[in-house]
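**Student:** This is the structure I have questions about; it appears just below.
Rule-based calculations on the coordinates, nothing more; no lab input. Worth saying up front: this structure is predicted, and the values here are computed from it rather than measured. We place every Cβ from the backbone using ideal geometry, glycine too, and count neighbours over all the protein chains shown.
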Amino acid sequence: MTSKLLTAEELEVADPFAAVELFHEKGWTDGLPIIPPTRERVLPFLEHAGLAPDHVLGEIPERDRVLTAEHLAINAVMAGCLPAYMPVLVAAVEAITDPAYKFNHMASLGSPWPMFIVNGPLARVLGFNSGLYLFGPTTRPNATCARAMSLLLWNCAEARPDGIQRGQWGNPFRSVGFIAEDETTAWDPLHVALGLPRETSTVTAISLYPGLHQLHCPRSTPEGLLDTLVDDLSTSEFFRGTYTVFVSPQHAAIFIEHGWTKRDVRDYLWKRCRRSVADLKRRGTWGVMADKPDAFADFTRDIMPGDEERFVYLFEPNEYDRFMQSPGALERRADVYVVVGGGNAGIRMAYVVPYGVSTDPVTKPVRTTAA
Amino acid sequence: MLKVLNPTAGPARGRSGVAPRLATLDDKTIGVIWNGRAFGDRILSEALDLLKQRYRIREVVFLEKPFLGNIAPEPILAEIAARADGAITGVGD
């Protein structure tokens, strides 16, 4: 592999500071300074991943775009990454260009953005933070990998406000949504729960609405902890999909001490997260996302006798789905990913809400055969 | 001096772009693909009314995608291509 294989246009500048100004002027950065991407800096990234510059990592057919190893390496340099992070970033790009991820939803008004969760041995080797101040800023890999993905899509997929991005509020996970799971508890980490070998390192991409929902849970039983979560989830967006719940090591110890698995946590939420038809009508979401609810004779937005006792379930399919869920939400998986992380002494749980209309989480293995 | 690399990427295969423009909409059939989003049909109807004020549009072929989160299925695209001289699609919210 030689630098001659790089195909990106080269621009001459006086010095690194002039490069930063040029990138601001061209709209090639996100408002922050960048590390100037020179051939000398970019090539080690490709070498570390063992990839040719024109290696296609993924396609975005709706935009007629391909994302190559060279595109990724240039933007990773700009973000301040180290070459060693490249295999993790490659897996992240493969995840969001997988057809199941449905990239075209990224321009949505709801400002969806992928959170990336790194699992397996490489997370620790590279120093990804899974602990205190998880959503940071904290460490170099967390911060720079999040920014590398943001810059890559900014520059190569028009994912910016003057491009295709039409999100109303934007999404802070663009800056901090690259994290690792704390795998020191007795619970299986996410990738093992998903059926992958423990020794495999993985990246999971989950498209989220902006915002981390943090809950004060000063209780000491599994049911007590989860009842607070049930209450909050039941009043959230109420779009069916895969929700991610973050459990602190302190709370994980309570669950484990009582013999609860991650699956038990998921099942508890699955059965209990619900809201009355009357509540959903009061909230104004009844029939909004559904496909032609007016076609059903029994559809009305007025609160009817019995609506206080009729319930719609967040995860479990039920007879009222035709009034509440979009066709896309009904097509995709409903699940709860339980991820351990955050400060060790912590009585707060947290969760994030998946994008509501399409997209499923995608997990990809990290290949580290080269370098 | 320092040489830096352009970090951007454009369309890869030239498969996207602007379709050939019609010289006029007079006596043309206009295809419309509604993405199914609430109120989008109203916005598209308003747009068609405005066009009809300006042009003698022969016919409108109004189709709806089954789900806004997916690309329009091939039969819908084929019908628009076969029956319409030009097409309007977009997001209405």
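**Student:** Which lysines have a Cα less than 29 Å from the Cα of B:Lys52, not counting those fewer than 8 places away in the same chain?
**Tutor:** A:Lys292, B:Lys28, B:Lys65
**Student:** Can I ask one more? Fewest Cβ neighbours within 10 Å first, please rank A:Val42, A:Val288, A:Val66 accordingly.
**Tutor:** Working: A:Val42 27, A:Val288 14, A:Val66 19.
The most exposed by this proxy come first: A:Val288, A:Val66, A:Val42.
**Student:** Right, something else. Determine the shape class of the stretch A:1-178: with a ≥ b ≥ c the square roots of the Cα gyration tensor eigenvalues, call it rounded for a/c under 1.5, and otherwise prolate if a/b is greater than b/c, oblate otherwise.
**Tutor:** Numbers: a/c = 1.26, a/b = 1.12, b/c = 1.12.
The shape class here is rounded.
**Student:** OK, next. Counting Lys and Arg as +1 and Asp and Glu as -1, each charge on the Cβ, what is the dipole of the stretch A:1-178 about the Cα centre in debye, to the nearest 20?
**Tutor:** Working: 13 positive and 18 negative charges, 130 e Å.
So the dipole magnitude of the stretch A:1-178 works out to roughly 620 debye.
**Student:** Have a look at A:Pro37, A:Pro121, A:Pro305 and tell me which one the Gaussian network model of chain A (Cα, springs below 10 Å) gives the largest fluctuation.
**Tutor:** A:Pro305
**Student:** Distance between the C-alpha centers of the stretch A:212-281 and the stretch A:63-82? Whole Å please.
**Tutor:** The distance from the Cα centre of the stretch A:212-281 to that of the stretch A:63-82 comes to 37 Å.
**Student:** So if the hydrodynamic radius of the protein assembly as shown is defined as the Kirkwood radius over C-alpha pairs, what does Stokes-Einstein give as its diffusion coefficient at 25 °C and 0.890 mPa s, in µm² per second? Please report the intermediate quantities before stating the final value.
**Tutor:** Values: Rh = 24.3 Å.
Reported coefficient: 101 µm²/s.
**Student:** Would you please name the trypsin sites (Lys or Arg not before Pro) within the stretch A:301-338 that are DSSP coil residues with at most 16 other C-beta atoms within 10 Å of their C-beta? Don't skip to the end; give the middle numbers.
**Tutor:** Numbers: sites: A:Arg301, A:Arg310, A:Arg322, A:Arg332, A:Arg333; in loops: A:Arg301, A:Arg310, A:Arg332, A:Arg333.
Qualifying residues, ordered by number: A:Arg301, A:Arg310, A:Arg333.
**Student:** Name the longest site-free stretch of chain B, where the excluded sites are trypsin sites (Lys or Arg not before Pro) in a DSSP loop with no more than 11 other beta-carbon atoms within 10 Å. List each step's numbers first, then the result.
**Tutor:** Details: sites that count: B:Arg13, B:Arg15, B:Arg21, B:Arg56.
No qualifying site falls inside B:57-93, the longest such stretch.
**Student:** Find the centroid of the Cα atoms in the stretch B:1-44 and in the stretch A:157-172, then give the distance between the two in whole Å.
**Tutor:** Taking the Cα centre of each part, the stretch B:1-44 and the stretch A:157-172 sit 17 Å apart.
**Student:** For the stretch A:1-95, report the translational diffusion coefficient in µm²/s to the nearest whole number, using Stokes-Einstein at 4 °C, 1.567 mPa s, and a Kirkwood Rh over Cα pairs. The partial results should precede the final answer.
**Tutor:** On the way: Rh = 13.9 Å.
Estimated diffusion coefficient is 93 µm²/s.
**Student:** Please give the per residue volume of the convex hull enclosing the alpha carbon atoms of chain B, rounded to a whole number of Å³.
**Tutor:** Values: hull volume 16.0 nm³, N = 93.
Once divided by residue count, the hull of chain B is 172 Å³.
**Student:** Determine the dipole magnitude for chain A: charges of +1 sit on the beta-carbon of Lys and Arg, -1 on that of Asp and Glu, nothing else is charged, the reference point is the Cα centre, and the result goes in debye to the nearest 20.
**Tutor:** 360 debye
**Student:** Can you tell me what the convex hull of the Cα atoms of the stretch A:212-362 projects to on average, as an area in nm²?
**Tutor:** On the way: hull surface 36.9 nm².
Convex hull of Cα atoms, orientation-averaged projection: 9.2 nm².
**Student:** Pull up the cross-link candidates among the lysines for A:Lys26, meaning alpha carbon to alpha carbon under 19 Å and not fewer than 8 places away within one chain.
**Tutor:** Those lysines meeting the cut-off are B:Lys3.
**Student:** Something else about it: State the dimensionless ratio Rg/Rh of the stretch A:98-176 (Rg: radius of gyration of Cα atoms; Rh: Kirkwood radius).
**Tutor:** On the way: Rg = 13.7 Å, Rh = 13.6 Å.
Here Rg/Rh amounts to 1.00.
**Student:** If you don't mind, another one. Roughly what % antiparallel, to the nearest 5, for the DSSP beta bridges in the protein assembly as shown?
**Tutor:** Numbers: 30 of 50 bridges.
Rounded to the nearest five, the antiparallel share is 60 percent.
**Student:** Now, a different point. Starting from the Cα of A:Arg333, step 7 Å along the direction of its Cβ; do the same at A:Leu194; then give the gap between the two resulting points in nm.
**Tutor:** In this crude label model, A:Arg333 to A:Leu194 measures out at 0.7 nm.
**Student:** Can I ask one more? Could you pull out every residue, at least 5 positions away or on a different chain, whose amide H is within less than 5 Å of the one on A:Thr202? Hs are placed 1.01 Å off N in the peptide plane, and Pro or chain starts have none.
**Tutor:** A:Asn119, A:Gly120, A:Val366
**Student:** With a cut-off of at most 13 other beta carbons within 10 Å, and DSSP calling the residue loop, which GluC sites (Glu not before Pro) in the stretch A:264-348 qualify? Please list them. Before the final figure, lay out each step's value.
**Tutor:** Numbers: sites: A:Glu308, A:Glu309, A:Glu319, A:Glu331; in loops: A:Glu308, A:Glu309, A:Glu319.
Here the GluC sites (Glu not before Pro) that fit, given the DSSP loop and packing criteria, are A:Glu308, A:Glu309, A:Glu319.
**Student:** Then there's this: Compute the FRET efficiency between A:Ala186 and B:Arg21 as 1/(1 + (r/R0)^6), taking r as their Cβ-Cβ distance and R0 = 60 Å, and round to the nearest 0.05. Mind dumping the intermediate values first?
**Tutor:** Values: r = 65 Å, r/R0 = 1.09.
So, using R0 = 60 Å, E works out to roughly 0.40.
**Student:** Restricting attention to the stretch B:1-75, which chymotrypsin sites (Phe, Trp or Tyr not before Pro) occupy a DSSP loop and are surrounded by at most 15 other Cβ atoms within 10 Å? Each step should come with its number before you reach the end.
**Tutor:** Numbers: sites: B:Trp34, B:Phe39, B:Tyr55, B:Phe62, B:Phe67; in loops: B:Phe39, B:Tyr55, B:Phe67.
For chymotrypsin sites (Phe, Trp or Tyr not before Pro) across the stretch B:1-75 that sit outside H, G, I, E and B with at most 15 neighbouring Cβ atoms in 10 Å, the list reads B:Phe39, B:Tyr55.
**Student:** Related question: How large is ³J(HN,Hα) for each residue in the stretch A:192-205, as worked out from phi by the Karplus curve 6.51 cos²θ - 1.76 cosθ + 1.60 (θ = phi - 60°), to whole Hz, x for Gly and Pro?
**Tutor:** So the J values, rounded to whole Hz, are 6, 4, 8, x, 9, x, 4, 7, 7, 8, 9, 10, 10, 10.
**Student:** Taking the Cα centre of the protein assembly as shown as the origin and placing charges on Cβ (Lys, Arg +1; Asp, Glu -1), which of A:His258, A:Thr7, A:Ala334 is farthest toward the positive end of the dipole?
**Tutor:** Going by the charge dipole, the pick is A:Thr7.
**Student:** Here's something else I'd like to know. Which angle between 0 and 90 degrees, to the nearest 10, do you get for helix B:40-54 versus the longest principal axis of chain B when only C-alpha atoms count?
**Tutor:** The answer is roughly 70 degrees.
**Student:** Give the lysines whose C-alpha is closer than 25 Å to that of A:Lys364, dropping any in the same chain fewer than 8 places away, or say none.
**Tutor:** Partners within reach: A:Lys102, A:Lys262.
**Student:** To test your reading of the geometry: what angle, between 0 and 90 degrees and rounded to tens, separates the Cα axis of helix A:86-96 from the longest principal axis of chain A?
**Tutor:** 40 degrees
**Student:** Taking the alpha-carbon centroid of each part, what is the distance from the stretch A:85-122 to the stretch A:297-371 in angstrom?
**Tutor:** Going from one Cα centre to the other spans 18 Å.
**Student:** Further question: Taking the 0 to 90 degree range and rounding to the nearest ten, how far is the long axis of helix A:16-26 tilted relative to the main principal axis of chain A, both from C-alpha atoms?
**Tutor:** Tilt of helix A:16-26: around 50 degrees.
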